[in-house]
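Only the coordinates and a few stated rules stand behind these numbers; no lab work does. Here the structure is a predicted model, which means the values were calculated and not measured. All Cβ positions, even for glycine, are placed from backbone atoms using ideal geometry, and neighbour counts span all protein chains on display.
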RNA sequence: GCGGACGUGGCGAAAUCGGUAGACGCUGGGGUCUUAAACACCCUUUCCUAUGGAGUACGGGUUCAAGUCCCGUCGUCCGCACCA
């Protein structure tokens, strides 16, 4: 065995794995299956350290499960539609398709050297017509099942780029590219009826035991269930057809504190009034300016306008209240209309104060004197700890929170005022995008037949290649021929839908497609039945809500249309959300205090007063020092210490970003140290769910460790066959313990701990004094235990030390339980809870005997000094505590 | 504002059942080897007024025993947010 040369062995073993096709997933009815999946990447063109960490984690699981005897599916694909491709085309010319497929080729080439155990034969990109054609086919099935519909919806419209913007693309009310003020526009869009599944998507979260609690909670909050009362106000002076006004409230217990009603600018009543009254029309137009995003709404001032319409309180027809149009009321939550109770709601209070509306308390805190003049009371926020009704539905009964709401609903229902309603925040999923680089929506607009789905035999409806991006708007709209077609129904000339689907659709079923990536139908029943569900899904927390919620919904929609079995409606059995790979940022500041970022290689750390101070190399050169000299003379260090402006600020653990100049390129790391080093390091330092900080010294240390293992392997290889040692028993026990501990750590997703245990075992092994046979057996086991993390060096060791076949195919080692039990244990002895001595006793010794030995101990005697023992606790195998 | 998570050496972290706090790694310090350095190897690295004492953000509590359980305070991070 020569030097450790990762480049050589990594290429060698990757070739061997390929030749033997050991990662091809095999539908083996005789073995249990295991499907491990990492969230597939967007083909931006370069892999980054986050990818390395994500895919290594999945690979550790995949390789471990394979060694455990599972038939493993571990595929890879590309989430390939989306705006960056169009932006690249607009900015640099070229075509989104060429850009995307070029990037895929580049990224695949960067990913392959990692040695991932991926079945590349199943690879696909969502922009492959073969894939999106099947997506169109399912869309048509879902249309037929009533899961898809069209409706007019308010969207962010960029008047310059002539396109709809996602909320994330509206910055300070302006389009992110055009910088034009975004308008709220009503457009007819395609929607999925995800809200029909609100209750089900919420309740099924309870069954996802192997999902992070945090993600389940985020989804539950997003779905946003609330219980309240929906009822109608009788109106006075409203236009024809608006005799009543429906409102929804989660606080019916404050109904007697109502002092106004308010409606959304998009409410039908507002629209009716708008037609009659120019002042109202102007106000409504004002409200529609600005985006629909959370920020836009939050920063907007609360505006209202009295419509002149009045409503009667449902409990007292004599009691009339004004109806306002208010810009903060959302049309698509509840009924788009509310009643305001300024005494107990911050926002209503603010509004009522601004427009001089009454404030009428319904309850007061228990601490407050009932006799105080009610009208002088400040407003009382929701959820005041302890409240007492002063006006209420249940007489004098003191009720708060959910109880009060339930009582109020019951009271109102009994009186015939409205009914209890469960509402959800979750809105239907708008999937229309006025974009080119997405899956075309497979429908046709016919003058005679209306909206008609395309015939399945015409699928895929492929994107035309000859499009231009020189003018704003949707290239499909202005394509000379593409949109002209014939009606699938009546054959008359008709117009193709030019909206494409939200890219979240593409990622909502790719996991199912991997089970049969080339099937002529969206899924293959036998394959999907064998491989689904995904046993372990791994990805970033940033997908905790949208991607995972859409996928959960889409799996149900696929089941409803016969594309997935019932068992797959929750497609991901276990979910793991991994942390980021971070890296230090180096910066100095300009005269105005703005940061200037520096590359790590432009910074050098020099020892000043026992601390390593980072300084700019260019400034070292300025004071005539060689920035790369190994030693810097003391007098120069003194000079540096006086020049505060030479010193570089360090921000640890920052997200890698090009503009901050702290990106570490995996390609460079693999070239310098090899894939095994990159893989080991990203798994080693932090728990997988936490961020891990990339450090150059850590990477070097990892590489050195692997080289030490290599040298150790060579040394064991050189041992004479008949060498005897004293320590066989000790080594065999250490090996068993290593197997046990590493296995437990991997099972528990604690890869950092698995690696710590491997360090420990390696140290033990390199110091062991054992026979050649025992040493060889131990290092073979080490290779097997390292294999999920560092598969290439593991194969080399395995083959050198006489392992059978490929290490990747060897069954996972098992620890003999008898070897895990220690003969003797060291017990600490506490006196009054402080550790004072320790004794070595046989592990199986009875507590009474342990007691005797403990009390006989010299140190114990010294500390006891004849005091009376009040109590003596012996926890077998753990500790002895003497209380005096 | 609502909801949640977390707080342990110079740093990343262990301590999954309440039972020796700091495993393992990084950094720093010292040493062996060398003409010298690199490499490699060895020792050392929680703090202090140090044969002992203190210590897991802070203040209380439960317990023979608390990083771990309970109550309160402070801090950091994350998600959601005109949601009626």
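In chain A, the DSSP beta bridges split such that about 80 percent are antiparallel, to the nearest 5.
The ranking of A:436, A:34 from fewest to most other beta carbons within 10 Å of each one's beta carbon is A:34, A:436. For chain A, the calculated P(r), taken from all Cα-Cα distances in 20 Å bins from zero up to the bin holding the longest distance, is 11, 31, 33, 20, 4, 0 percent. Estimated from helices alone, the mean residue ellipticity of chain A at 222 nm is -11000 deg cm²/dmol (sum of -39500 (n - 2.57) over DSSP H runs with n ≥ 4, per residue).
For segment A:178-310, the alpha-carbon radius of gyration amounts to 1.37 times the rule-of-thumb value 2.2 N^0.38 Å expected for a compact globular protein. Scaling against 2.2 N^0.38 Å puts the C-alpha radius of gyration of segment A:756-884 at 1.58.
Working note: Debye formula, equal point scatterers on the alpha-carbon atoms of segment A:509-620, no solvent; log10 I(q)/I(0) at q = 0.21 Å⁻¹ is -1.12.
For segment A:25-69 and segment A:72-101, write down the distance between their C-alpha centroids in whole Å. Cα centroid to Cα centroid, the span is 22 Å. For segment A:15-158, the alpha carbon convex hull comes to 175 Å³ per residue, rounded to a whole number. Rounded to the nearest 10 degrees, the angle from helix A:401-415 to the longest Cα principal axis of chain A is 30 degrees. Rounded to the nearest 10 degrees, the angle from helix A:675-684 to the longest Cα principal axis of chain A is 70 degrees. Counting only the backbone N, which residues of segment A:828-854 are under 20 Å from the spot 7 Å out from the Cα of residue A:767 toward its beta-carbon? Residues A:840 fall inside that zone. Grab every C-alpha pair in segment A:560-648, bin the distances at 10 angstrom width from 0 up to the longest one, and report whole percents. Going out from 0 Å in 10 Å bins, segment A:560-648 shows 13, 33, 17, 7, 7, 10, 9, 3 percent.
Report, in whole Å, the centroid distance computed from the Cα atoms of segment A:518-576 and segment A:438-467. First find each Cα centre; the distance between them is then 26 Å. Between residue A:654 and residue A:203, the FRET efficiency estimated from the beta carbon spacing at R0 = 41 angstrom works out to 0.55. Between segment A:472-490 and segment A:831-884, the C-alpha centres lie 87 angstrom from each other.
Computed over every Cα-Cα pair of segment A:149-204 and binned at 10 Å starting from 0, the pair-distance distribution P(r) comes out as 24, 35, 26, 14, 1 percent. Computed from the C-beta positions of residue A:413 and residue A:449, the FRET efficiency with R₀ = 51 Å rounds to 0.65. Sorting the segments A:768-779, A:823-834, A:97-108, A:859-870 by their mean number of nearby beta carbons within 10 angstrom, highest to lowest, gives A:768-779, A:97-108, A:823-834, A:859-870.
Among A:786-797, A:255-266, sorting by the average number of other beta carbon atoms lying within 10 angstrom of each residue, highest first, gives A:786-797, A:255-266. Neighbour counts of other Cβ atoms within 10 Å put A:360, A:209, A:12 in the fewest-to-most order A:209, A:12, A:360.
Size of segment A:103-198: Rg and Dmax of its alpha carbons, in Å, are 19.5, 51. Both numbers refer to the Cα atoms of segment A:655-768; Rg and Dmax are 17.2, 61 Å. Projected label points at residue A:18 and residue A:567, each 7 Å from Cα along the beta carbon direction, are separated by 3.6 nanometres. Here segment A:711-770 has an Rg and Dmax of 13.3, 41 Å, counting Cα atoms alone.
Put simply, the Cα atoms of segment A:630-679 extend 43, 26, 15 Å along their principal axes, the longest span coming first.
The three principal axes of the C-alpha atoms in segment A:152-250 carry coordinate ranges of 48, 47, 25 Å, sorted with the longest axis first.
Full extension of the chain between residue A:520 and residue A:634 gives 33.6 nm of extra length, using 0.36 nm per residue less the Cα-Cα distance. With the simple spin-label model, which puts each label point 7 Å out from Cα in the Cβ direction, the residue A:602 to residue A:286 separation comes to 5.0 nm. Counting only alpha carbon atoms, the long axis of helix A:346-355 and the longest principal axis of chain A meet at about 30°.
Taking 0.36 nm per residue of sequence separation and removing the Cα-Cα distance, the residue A:108/residue A:470 pair yields an extension gain of 127.3 nm. Residue ranges A:198-206, A:275-283 sort as A:198-206, A:275-283 when ordered by packing (mean number of other C-beta atoms within 10 Å per residue, highest first). Legend: ranking of residues A:55, A:324, A:597 from fewest to most surrounding C-beta atoms inside 10 Å; resulting order A:597, A:324, A:55. Take the Cα radius of gyration of segment A:6-50 and divide it by 2.2 N^0.38 Å, N being the number of residues; the result is 1.63.
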